[in-house]
Structures are given as structure tokens and as C-alpha cells.
Amino acid sequence: MSERPLRLIFAGTPEFAVPCFEACRASGAEVVAVYTQPDRPAGRGRKLTPSPVKQAALAAGITVEQPESLKSPEARQTLANYQPDLLIVVAYGLILSRKVLATPRLGCWNVHASLLPRWRGAAPIQRAILAGDMESGVDLMQMEAGLDTGPVMLQRRTPIAVDETGGSLHDRLSLLGADVLAEGLRRTLAGESLAATRQSEDGVTYAHKLDKAEARLDVARPAAELERKVRAFNPWPVAEAEVLDEPLRIWAAHAIDRDHSEAPGAVLGASRDGIDLACGEGVLRITALQRAGGKRISAADYLNARPELRGSR
């Protein structure tokens, strides 16, 4: 080991990456710079807003770099000038070239929110829920040029609860990722060389980026499938459906295994417990929703505004 502290650069952008950034700071290594995406318009006023990682870095007094890309020789030279021993990448949002990956003395590590090789790519958390996976987890991976193809050094697994949402799994995996990264850094700082295991060629799946068009619920599909979509797309982009010709955002719902003879989309019943929507197979009970221009409310509050639905069959 070098006598000087291990020099880290942290590259990340969204809230998911913040606990990993804090794990780097707490590790005993020196975080010499943070790379994050350029400020983007956000909110109703479309005001330029710094990323959560940038906000955390500035609060810690760490230098922030926000290049549009790392493709130019100038951008790569800026990175090299920090003389990093290790680059930690967590949901950064830029693809790194072989030249960038070769810059740090110990290469680049990535914390990825799936059990690789399943769900490589942009949206592994939501895709796992959509597919009905029973478990998820995080991997600490040695990066290479392919998309999430690098060998895995450490892994943590966690069950996916029956009522898991995209938001709740995101938050749990964010903390689990920080835990696995902290272990990797602790062992490396202690002089250990982490063994990396090549990913299997079997079981490779890709977690394609979420599209808002996917949020539309096709009530001709089985209710169990629609329930997973509602859970996966909470808090973004939020599932959508029509209830008696009114477009609604569906925040919470669960499937009921019940036979019926109604056309998909028919309201089979409505009470304080929820609004029962006929599906191609089974029934979807909507328990939390949002009207156009409104806020999230319970089914009971919605029925107060539409009393004609109560007890409908």
C-alpha cells in the first residue's frame, strides 16, 4: 500500500448514489473530486438544479466536475490530473471509455442494483418488480467497457416483499449498495486484493430505461401483472388507468383472484376498501389514486367526490 491515503474520485448523480458517496467519505480514503451530471431544469419553474450528489459534495467541501462527456482529451486529462487510485461509479449516467477506465491505478468500481448478470442496464429495480422476481440485491463490480459486464467482487442479496414498490426497493438497495462499497473499501485499505468473479453467460437480461408510455395499464391483462406494474412505477412514472371514463394515476392497488364475467375495465364494486376493476384475469382493487391536477388520495376520499360509484356492480 502507498503511504499516502487512497485517492478516490466518486462519480454519481441521483439520490440513489448519495449513501455510496458518504461511504467513500467515511472509509478513510481521500475523496479528491466528485463527477456528476450537469445541472438540469427541474420543477414547475424549470430552474437549473444541481444533482443530489453535487449537493452532498458541495456540503462536504469537495471539488465538483460536471463535464457533458468524458470523450475529449481535455476532459480525460482533467480526470488524470487528480491522480486517482480508484474511480467509484454509482448511477453516474455517462458511459466510460476504455481510456477513462484505465486512468485510475486500481481501475473503476461500480455499484449496480441487481444480481448480475440479471438486469444489466438502466432500470434494474423496476424491472425486477415488473418481472415478479423474488429477490434483488447489489453488486460491487470491477468495470470494463461492456454494459454492466464486469466481474463481480462482492454481492448482497435481499428479498423483494409482496408489497414492494419501486421507491421502497430503491431506498433499501441504495443503503445496501453503500454497505457493500464500504466493505470493499475497508478490505482494500487493509491491503487485501478483492477477488473478482466473471459473470455467467447464462441468465443475462437487460433492464431497459423506463418509458412513460409503459405506465398505461392494459386492463385486458391479468390483475397480478397490473399490480406489479403499479408497484414498480411508484413513485415514477406512476401507473395510469381510466375508471368510468376518468383518467387516473394509480398509486396503490392489489390483485384479487376472483372470477367475473364483466368486460375488462368495468367497475365491479366500490367501497372504502377500494375500487374493484375487472381485468382480463382477476380483479385489480385500487386503493390510492390521483385525479388530473390533484394530489394522491385514498379510494375512500375519491368516492366522497364520486358517490355514484359506491356499491356499483
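Within a straight-line Cα-Cα reach of under 26 Å, Lys229 can be paired with the following lysines, leaving aside sequence neighbours fewer than 8 residues apart in one chain: Lys209, Lys212, Lys295.
Gain on full extension, evaluated as 0.36 nm per residue between Ala220 and His260 minus their Cα-Cα distance, stands at 13.1 nm. Each Lys or Arg adds one and each Asp or Glu takes one away; over the other residues whose Cβ falls under 12 Å from the Cβ of Ile256, this sums to -4. Remark: relative contact order (segment 7-207) = 22 percent; criterion is Cα-Cα distance under 8 angstrom and separation of 6 or more residues.
When each of the peptides 167-178, 152-163 is scored by how many other beta carbons lie within 10 Å of its residues on average, the order from highest to lowest is 167-178, 152-163.
Between amide H atoms placed 1.01 Å from N, distances below 5 Å from Glu281 occur with Ala223, all of them 5 or more places distant or on a separate chain.
Let's test the formula: R0 of 30 Å, r as the Cβ-Cβ distance of Glu192 and Arg98. What FRET efficiency results, to the nearest 0.05?
0.70
Near Val204: Cβ cut-off under 10 Å, other residues only, Lys/Arg at +1 and Asp/Glu at -1. The net charge is -1.
The gain in end-to-end length when the Ser69 to Ala26 segment is fully stretched comes to 12.7 nm, 0.36 nm per residue minus the alpha carbon separation. Amide H contacts under 5 Å for Met143: Cys108, Trp109, Asn110, restricted to partners 5 or more places along the chain or on a different chain, H placed in the peptide plane at 1.01 Å from N. Remark: the Ala122-Asp211 segment gains 30.9 nm on full extension, using 0.36 nm per residue and subtracting the alpha carbon distance.
Taking amide H atoms as placed 1.01 Å from N in the peptide plane, the amide H of Tyr35 lies under 5 Å from those of Phe10, Ala11, Gly12, Glu65, each 5 or more residues away in sequence or on another chain.
First select every other residue whose beta carbon is under 9 angstrom from the beta carbon of Ala300; then total the charges, Lys and Arg +1, Asp and Glu -1. Cβ neighbours under 9 Å give a net charge of -1. Working note: Karplus 6.51/-1.76/1.60 with θ = phi - 60° gives segment 204-215 the couplings 6, 9, 10, 9, 5, 4, 5, 10, 4, 5, 5, 6 Hz, where Gly and Pro are set to x. Taking a point 7 Å from the Cα of Ser298 along the Cα-to-Cβ direction, the residues of segment 234-271 with backbone N closer than 19 Å to it are 249-255, 269-271. Against the set (1) 21.5; (2) 22.0; (3) 23.3, the structure's computed Kirkwood radius over Cα pairs in Å falls on (1).
At an R0 of 30 angstrom, the distance between the Cβ atoms of Gln55 and Arg156 translates into a FRET efficiency of 0.70.
Who wins for biggest fluctuation among Val18, Val100, Val90 in a Gaussian network model of the chain, springs between alpha carbons below 10 Å? It is Val100.
No value in this document is a laboratory result; all are computed from the given coordinates. Bear in mind that the values here come from a model prediction, so they are computed numbers and not experimental data. Cβ coordinates were reconstructed from backbone atoms using ideal geometry, including for glycine residues, and neighbour counts include every protein chain displayed.
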